[in-house]
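A.B. asks: This is the structure I want to talk about, given as structure tokens.
Each reported figure results from applying straightforward, stated rules to the coordinates on display, with no laboratory input. In this text, all values refer to a predicted model and were calculated from it rather than measured experimentally. Virtual Cβ from ideal backbone geometry, glycine too; neighbours counted across all protein chains shown.
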Amino acid sequence: MRTKTILTKLCLLALCGAIASSGGTAFAAEISGVKLPDQVTVQGKTLKLNGTGLRQATILMFNVYAAGLYLENGMHEADAIATSDQIKSIEMVFMRDVTAKQMADAFQEGFDKNCLADCARLKPDIGKLQGMLKDMKKGETMAIHFLSDGVEMMTGGHKAGSVGDKAFSRQLIRVWIGKNPPNAGLKEGLVGGKK
């Protein structure tokens, strides 16, 4: 019994030491060996990781990228996230090489399947967004910031461009968390396990 008490105290001391050495910050999330930060900064605001998911190829089911959804305030209902006025970001780490054309086709398909309002008016914005895409190599990163006045795309930490307005921002995020996401696991992971 005494040995068990000593072991318990040692484990508690080790845990306290680990927490102290981490400086009080949470560790980055890891999904299929890919690490994502626990928070990002967009327009001076700190966004916290809401959930993570894997984008899988439709037929062969291999992983294309690991993604994290970042929000100012955590939410777990997809439509509420899409229509909220808070700044949002989806950060992607590619797990294989993907061409700009493959991504452009996926963006187009995702938008067509998930847009709910102003779709015809917003179609030219998808074309502009597709023009910002570039071939991505395994390990490279892309981020899409959903802002109150449009969408900003980042590749490798550098701004690739901005497009659209508030309506486009609200519709584009549905590519990942709308009724017809690329794969169900991606949506469920990003919104925190809820549909």
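A.B. asks: Cβ neighbours within 10 Å, averaged per peptide: list 106-118, 164-176 in order, most packed at the top.
C.D. replies: Listed from highest to lowest mean packing, they are 164-176, 106-118.
A.B. asks: For region 113-195, what number results from the quotient of the Cα radius of gyration and 2.2 N^0.38 Å?
C.D. replies: So region 113-195 has a normalised radius of gyration of 1.12.
A.B. asks: What ratio of Cα Rg to 2.2 N^0.38 Å holds for region 94-155?
C.D. replies: Cα Rg divided by the expected 2.2 N^0.38 Å: 1.17.
A.B. asks: Could you tell me how many cubic angstrom of Cα convex hull volume region 55-195 has per residue?
C.D. replies: Expressed per residue, the convex hull around the Cα atoms of region 55-195 is 96 Å³.
A.B. asks: Starting from the coordinates of the alpha-carbon atoms of region 127-168, obtain the Kirkwood hydrodynamic radius over all distinct pairs and give the value in Å to one decimal.
C.D. replies: Radius from the Kirkwood sum: 10.7 Å.
A.B. asks: Which of 130, 115, 156 sits closest to the plus end of the dipole of region 98-195, meaning its Cα is farthest towards the positive end, when Lys and Arg get +1 and Asp and Glu get -1 on the C-beta?
C.D. replies: After comparing all options, I get 115.
A.B. asks: Here is a follow-up. Of 113/166; 45/88; 88/138; 35/138, which ones are farther than 21 Å apart at the Cα?
C.D. replies: Result: 88/138 exceed 21 Å.
A.B. asks: Continuing with the same structure: Quick one: which residues, 5 or more positions from residue 51 or on another chain, have an amide H under 5 Å from its amide H? H modelled 1.01 Å from N in the peptide plane, none for Pro or chain starts.
C.D. replies: 69
A.B. asks: Between residue 118 and residue 97, take the C-beta separation as r, use R0 = 35 Å, and let me know the FRET efficiency to the nearest 0.05.
C.D. replies: Here the calculated transfer efficiency is 0.55.
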